[in-house]
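Okay, so here's the structure we're looking at.
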Amino acid sequence: MRFGLKFGLATATLWLAATSAQADTVVFARSGRWEAFGGTSTNGTPVCGVSTSWPDNRYFGVKYYKGDRTITIQLGSPDWRIANGAKQRIIMQIDENAYWTGNATGMHFDDNEAGLSFDIAASELGSFVGQFRRGDNLYFSFPNTTASDWTAGLEGTNNVTSAFANCIGAM
């Protein structure tokens, strides 16, 4: 319990330092290929998240923006060409669990890399977080496109998800 309290306070301190110093994020936990971060988004909204990337610079992130009732999933690839606001069907699955399907919205990250963004509804947060932190593999497919399917190993997500929750609690 003492470690958890100290870790939570350290997380809160890092998050507050990031939000008061600049519009940026600070990585405060790493486990496997995953990292947890907190700070501010480019528009100044406090944000907490977990993310991973691949050697070919593909990106996957789970983000919570202060005040939202959802979490936001963002994916990016330097190979994609997507217009801002364009809709793209996406399928996401963790292990052999039921899959999520929906329409993601095209966007661009600060480095101008194309990405997709979609939300997990409040009613599904418990299921998603439970599967994410205990799962082995995360799968994405992009129907009716030339984009290849993605797979991400989830080793380390239990630890970074705990840090993510501490960051949200510090908001």
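What follows is calculated from the coordinates using simple rules that are stated; it is not laboratory data. Small disclaimer: the values here were computed from a predicted structure and weren't measured. Neighbour counts run over all protein chains shown; Cβ positions are idealised from the backbone, glycine included.
Per the Debye formula on identical point scatterers at the alpha carbon atoms of segment 86-126, with no solvent, log10 I(q)/I(0) at q = 0.31, 0.33 Å⁻¹ is -1.06, -1.10. Taking every full run of DSSP H in the chain, the ones that stretch at least 15 Å from end to end by Cα along their long axis and average 0.0 or higher on the Kyte-Doolittle scale are 2-21, 157-170.
For the chain, the Cβ-based charge dipole about the Cα centre amounts to some 460 debye (Lys, Arg positive; Asp, Glu negative; other atoms uncharged).
Global dimensions of the chain from alpha-carbon coordinates: Rg and Dmax equal 15.7, 51 Å. Panel order for ARG69, ARG33, ARG89, by other beta carbons found within 10 Å of each beta carbon, from fewest to most: ARG69, ARG89, ARG33. Once backbone amide H atoms are built at 1.01 Å from N, ILE71 has ILE120 as its partners under 5 Å, excluding neighbours fewer than 5 places away on the same chain.
Taking all Cα pairs closer than 8 Å and separated by 6 or more residues, the relative contact order of the chain comes to 22 percent. Note on segment 37-117: with charges restricted to the Cβ of Lys and Arg (+1) and Asp and Glu (-1), its dipole about the Cα centre is near 320 debye.
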